[in-house]
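Have a look at the structure below, then the notes.
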Amino acid sequence: MNVAFFDAKPYDRPSFETFGAQEGVHFKFFEAKLNEDTAELARGYDAVCVFVNDTVNAAVIDKLYAYGVRMIALRCAGYNNVDVRHCFGKIHVFRVPAYSPYAVAEHAMAMLLTSVRRIHKAYIRTRDNNFSLNGLTGFDLHGKTVGVVGTGKIGRVFIDICRGFGMKVLAYDKFPNPDAGLDYVDLDCLFAESDIISFHCPLTDETRHMVNRETIARMKKGVVLVNTSRGALIDAEALLEGIKARQVGAACLDVYEEESDIFFEDNSGHILNDDVLARLISMPNVILTSHQAFLTQEALHNIAQTTVENLVGFVRDGSCENELCYHCGKTDDCRKQRLKKCF
């Protein structure tokens, strides 16, 4: 099996080469992101392997199909960048639903602790032999209320970490788990009562800009926002306004809604053209990492293993539990639930 691997980074290659060699899957690594202009690179390949900032819209899907590609392997959990509906009947799509919930949840807590205890500022000061404590006063997490939006695997691990700090947890999920032992509330209640809000939900039409001017206004003054999921959950301009108005006390962001042409690249020698992002970075109470939360050795290992298993298993068995379909599980005649191909 030959797979065109787009948006390849040096840290991707070792695990994918190892698992690919074990299963007879050859990866051709391309640094370019997948889009309408680069889809030609996939001509003649059996599958493409893509990441969060690759563009897999209808035009790209039609080109891939014409070039003979019959499988799209996402090496991530989110799939908002793929037109799954347009893929139906043409190209099968697989994802990695869970690679390391601990990696993402731990990164969220790391950013939160760094922010509220001013660790990043202390680090910079002491490297300059400045040992003053002025301006470094933080606050205890113990006893604070944290609102967790999304109680899947990552959200539940983050909740466990928060409970270890002695925090009160409020949870929201469109599909709450009655057996999770969580205090589920509606979003309005969560926004109004939480000192800290962390997002662990997918990006959909319903969740896009769930943090906006109106919802920020309903939050506690000084609220801390943590986002390690998808950038467009938060309206960046509204967040900037909320910070300037002192309504938002701090923001810890591993994602950004316009990150696709910026994140994962070294732009240190260039002027940042995104004015909103530049202003957010300049704020003393904003911590930004470049979609780094997933990046642990364990996660990279699991991503590569599951991606290869998705491809090989589908060809061998004719079905894959990680296949995506726009009506998967939503009809009485769901083929995947009967262990068959979605089409």
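The values are calculated or read from the model by the stated rules, or taken from the named source; none is laboratory data. As the structure is a computational prediction, the values presented were derived from the model and not from experiment. Here the Cβ is made from the backbone with ideal geometry for all residues, glycine too, and neighbour counts use every protein chain on show. Heads up: the accessible areas ignore ligands, DNA and RNA and are worked out on the full protein's heavy atoms, side chains in. Shrake-Rupley method; radii C 1.70, N 1.55, O 1.52, S 1.80 Å.
Residue check: C325 meets all listed conditions (1) crowded, with 20+ Cβ neighbours inside 10 Å; (2) at pLDDT 95 or above but one, namely (2). Whenever a residue of region 1-28 is in contact (Cβ under 8 Å) with a residue 24 or more places away in the chain and more than 14 Å from Q305 (Cβ to Cβ), its partners that are acidic (D, E) and crowded, with 22+ Cβ neighbours inside 10 Å, lying with C-beta atoms within less than 9 angstrom and at least six residues away or across chains, give the pairs F6/D54; D7/D54.
Residue pairs whose Cβ atoms lie under 6 Å apart, sitting 6 or more positions apart in sequence or on different chains, and linking a residue in region 148-170 that is over 15 Å from D183 (Cβ atoms) to a partner that is outside any loop (DSSP other than H, G, I, E, B) and open to solvent by 70 Å² or more (accessible area, probe 1.4 Å), are V157/Y102.
Yes/no matrix, rows are residues, columns are (1) within 23 Å of E321 (Cα to Cα); (2) of a type outside the set (F, W, Y); (3) in contact with a Leu (Cβ under 8 Å, 6 or more places away or on another chain):
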residue: H92; (1), (2), (3): yes, yes, no
residue: P101; (1), (2), (3): yes, yes, no
residue: Y123; (1), (2), (3): no, no, no
residue: G138; (1), (2), (3): no, yes, no
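Cβ-Cβ distances below 7 Å connect the following pairs, each with a first residue in region 70-88 that is acidic (D, E), a second residue that is part of a strand (DSSP E or B) and crowded, with 22+ Cβ neighbours inside 10 Å, and a separation of six or more residues or different chains: D83/V56. Entry remark, region 1-32: residues being crowded, with 19+ Cβ neighbours inside 10 Å and not aliphatic (A, V, I, L, M) number 9 in total.
Of the numbered criteria (1) at pLDDT below 95; (2) part of a strand (DSSP E or B); (3) among the hydrophobic types (A, V, I, L, M, F, W, C), the one V52 fails is (2).
Can you name every residue in region 218-253 that is of a type outside the set (A, V, I, L, M, F, W, C) and in contact with a Phe, Trp or Tyr (Cβ under 9 Å, 6 or more places away or on another chain)?
R218, K220, N227, T228, S229, R230, G231
Within the option set V169, V148, V224, V157, being assigned to a strand (DSSP E or B) and closer than 23 Å to G78 by Cα holds for one residue only, V148.
In region 36-49, the residue that is least open to solvent (accessible area, probe 1.4 Å) out of those that are more than 19 Å from S260 (Cα to Cα) and not in a helix (DSSP H, G or I) is A47.
I'd like to know if region 288-305 contains one or more residues that are over 21 Å from the mean Cα position of the chain (by Cα), closer than 21 Å to V226 by Cβ, in a loop (DSSP other than H, G, I, E, B) and modelled with pLDDT of 90 or more. No - not one qualifying residue is present in region 288-305. Scanning region 95-118 for residues being assigned to a helix (DSSP H, G or I), open to solvent by 60 Å² or more (accessible area, probe 1.4 Å) and in contact with a Gly (Cβ under 9 Å, 6 or more places away or on another chain) gives a total of 0.
All of (1) outside any loop (DSSP other than H, G, I, E, B); (2) within 25 Å of the chain's Cα centre (by Cα) hold for K33 with one exception: (1). Within region 241-262, the set of residues being under 15 Å from I287 (Cβ atoms) and in a helix (DSSP H, G or I) comprises I243 only.
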